[in-house]
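Student: Sending over a structure as structure tokens; questions will come in a sec.
The values are calculated or read from the model by the stated rules, or taken from the named source; none is laboratory data. Remember, it's a predicted structure, so these values are computed and weren't measured experimentally. Note that we place each Cβ from the backbone using ideal geometry, even for glycine, and neighbour counts take in every protein chain shown.
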Amino acid sequence: MKRSRPLVVVIGLLVAGLVMLSWTQTWFTVHLDHTAAVVKTVDADGATVVPQYTAVAIASLALFLAMTIAGRVVRVVLAVVQVLLGVAVVVSGVTALSDPVAAAQSAIGSVAGVSDVGAVRRVVTGVDVSLWPVVGIIGGVLAALLGVAVLFLQRSWPGPSRKYGDAATPGSATAAGVAGGPASGADAVRRPVVRDAVVDWDDLSAGVDPTAGDAAAGQPDTLDTVGSTERRPTGGASDNEEHREQH
């Protein structure tokens, strides 16, 4: 069950592709009265008969791709939306198939020079129906059933990746490190204070002990850095007194 997600996603993409394929094919071949039109037949493809198929198919493609990274709650919402999309495909296909002349009205009217549905029906002598409307309807049924299947199967699917979960969690150690926040507890005591040698010499010249603050804070040692070289101060207060006497 846990491995069903890749299979469901692949099947969903195939079903959406099937609906899109039917949209690009000829659905109806309409025969016209030769006295009322300059041509004898008109081909009405899915793009003319059911223009909403393309939007539904693209939405279904995006939906199944989103399922690969979605969490449980979002997957339920996407599954419900998928059922609705499948129902929309079926309803559109059945409506067009039940009245081919009305569905192909725009294609017939552009050739016969009429726009009223009644006038369009008068110039039509016959309609040949291809298999592609049925293919589109089958695709809609499969899409709806697949949405229902996702509602039950998604419970066993793993959640989204938590690779960056710790870094995004407020108050976590990783987040504190990234934000540059102050450390707390024993880590703050054990961490050495990195000092700047130039500032320390300026403090000494002014008669200020630069290590006095560290001693008051309970720091056991401090480190001075000059460039990339660490230097540990030695001599304590006596060196500071000698330095002031020399000045």
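Student: In the range 44-65, is there at least one residue being touching a residue at least 60 places away in the same chain (Cβ under 8 Å) and either outside the structural domain of residue 33 (by TED's automatic domain parsing) or over 30 Å from residue 148 (Cβ atoms) (or both)?
Tutor: Scanning the range 44-65 turns up at least one residue that is touching a residue at least 60 places away in the same chain (Cβ under 8 Å) and either outside the structural domain of residue 33 (by TED's automatic domain parsing) or over 30 Å from residue 148 (Cβ atoms) (or both).
Student: Would you mind stating whether residue 114 is closer than 30 Å to residue 152 by Cα and either of a type in the set (A, V, I, L, M, F, W, C) or under 37 Å from the mean Cα position of the chain (by Cα) (or both)?
Tutor: Numbers: closer than 30 Å to residue 152 by Cα: no; either of a type in the set (A, V, I, L, M, F, W, C) or under 37 Å from the mean Cα position of the chain (by Cα) (or both): yes.
No.
Student: Residues being within 18 Å of residue 114 (Cα to Cα) and not β-branched (Val, Ile, Thr): count how many of those fall in the range 17-40.
Tutor: Summing the residues that are within 18 Å of residue 114 (Cα to Cα) and not β-branched (Val, Ile, Thr) in the range 17-40 gives 7.
Student: Looking at (1) at pLDDT 55 or above; (2) loosely packed, with under 11 Cβ neighbours inside 10 Å; (3) not in a loop (DSSP other than H, G, I, E, B), which one does residue 187 not meet, given that it meets all the others?
Tutor: Here residue 187 clears every test but (1).
Student: Hey, another quick one. Is one or more of the residues making up the range 76-86 outside any helix (DSSP H, G or I), modelled with pLDDT of 85 or more and in the same structural domain as residue 28 (by TED's automatic domain parsing)?
Tutor: Kept after step one, since they are outside any helix (DSSP H, G or I), are these residues of the range 76-86: none.
Within the range 76-86, not a single residue is outside any helix (DSSP H, G or I), modelled with pLDDT of 85 or more and in the same structural domain as residue 28 (by TED's automatic domain parsing).
Student: Residue check: is residue 101 assigned to a helix (DSSP H, G or I), free of Cβ contacts under 8 Å to residues at least 24 places away in the same chain, β-branched (Val, Ile, Thr) and farther than 18 Å from residue 21 by Cα? Show your work before the answer.
Tutor: Numbers: assigned to a helix (DSSP H, G or I): yes; free of Cβ contacts under 8 Å to residues at least 24 places away in the same chain: no; β-branched (Val, Ile, Thr): yes; farther than 18 Å from residue 21 by Cα: yes.
So residue 101 fails the test.
Student: In the range 108-158, what count of residues is obtained for those that are among the aromatic types (Phe, Trp, Tyr) and within 15 Å of residue 32 (Cα to Cα)? Step through it out loud before you land on a result.
Tutor: First, the residues of the range 108-158 that are among the aromatic types (Phe, Trp, Tyr): 132, 152, 157.
Next, only the ones that are within 15 Å of residue 32 (Cα to Cα) stay: none.
Final tally of qualifying residues: 0.
Student: Out of all the residues in the range 44-67, which are in contact with a Phe, Trp or Tyr (Cβ under 8 Å, 6 or more places away or on another chain), crowded, with 17+ Cβ neighbours inside 10 Å and over 16 Å from residue 105 (Cβ atoms)?
Tutor: 53, 57
Student: Could you list, in sequence order, all residues of the range 68-105 that are surrounded by 15 or more Cβ atoms within 10 Å (Cβ to Cβ) and hydroxyl-bearing (Ser, Thr, Tyr)?
Tutor: Scanning the range 68-105 gives a single hit, 92.
Student: Let me ask another. Return the residue satisfying two criteria in turn: it lies in the range 2-43 and is among the charged types (D, E, K, R) and in contact (Cβ under 8 Å) with a residue 12 or more places away in the chain, and of such residues it is surrounded by the most Cβ atoms within 10 Å (Cβ to Cβ). Steps first, please.
Tutor: Residues of the range 2-43 among the charged types (D, E, K, R): 2-3, 5, 33, 40, 43.
Retained after the next criterion (residues that are in contact (Cβ under 8 Å) with a residue 12 or more places away in the chain): 2, 5, 33, 43.
Details: 2: 8, 5: 18, 33: 12, 43: 15.
Selected residue: 5.
Student: Which of the residues that make up the range 53-73 are among the small types (Gly, Ala, Ser) and within 19 Å of residue 89 (Cα to Cα)?
Tutor: Looking only at the range 53-73, we keep the residues that are among the small types (Gly, Ala, Ser), and these are 55, 57, 59-60, 62, 66, 70-71.
55, 57, 59, 60, 62 - these are the residues of the range 53-73 that are among the small types (Gly, Ala, Ser) and within 19 Å of residue 89 (Cα to Cα).
Student: Between 140, 126, 93, which is within 19 Å of residue 30 (Cβ to Cβ), assigned to a helix (DSSP H, G or I) and modelled with pLDDT of 80 or more? Let's see the steps before the verdict.
Tutor: On the way: 140 fails: within 19 Å of residue 30 (Cβ to Cβ); 126 fails: assigned to a helix (DSSP H, G or I).
Exactly one of 140, 126, 93 is within 19 Å of residue 30 (Cβ to Cβ), assigned to a helix (DSSP H, G or I) and modelled with pLDDT of 80 or more, namely 93.
Student: Something else: With 15, 30 as the choices, which residue is assigned by TED's automatic domain parsing to the domain that holds residue 135 and more than 32 Å from the chain's Cα centre (by Cα)? Quick ask: steps written out before the conclusion?
Tutor: On the way: 15 fails: more than 32 Å from the chain's Cα centre (by Cα).
Just one listed residue meets the conditions, 30.
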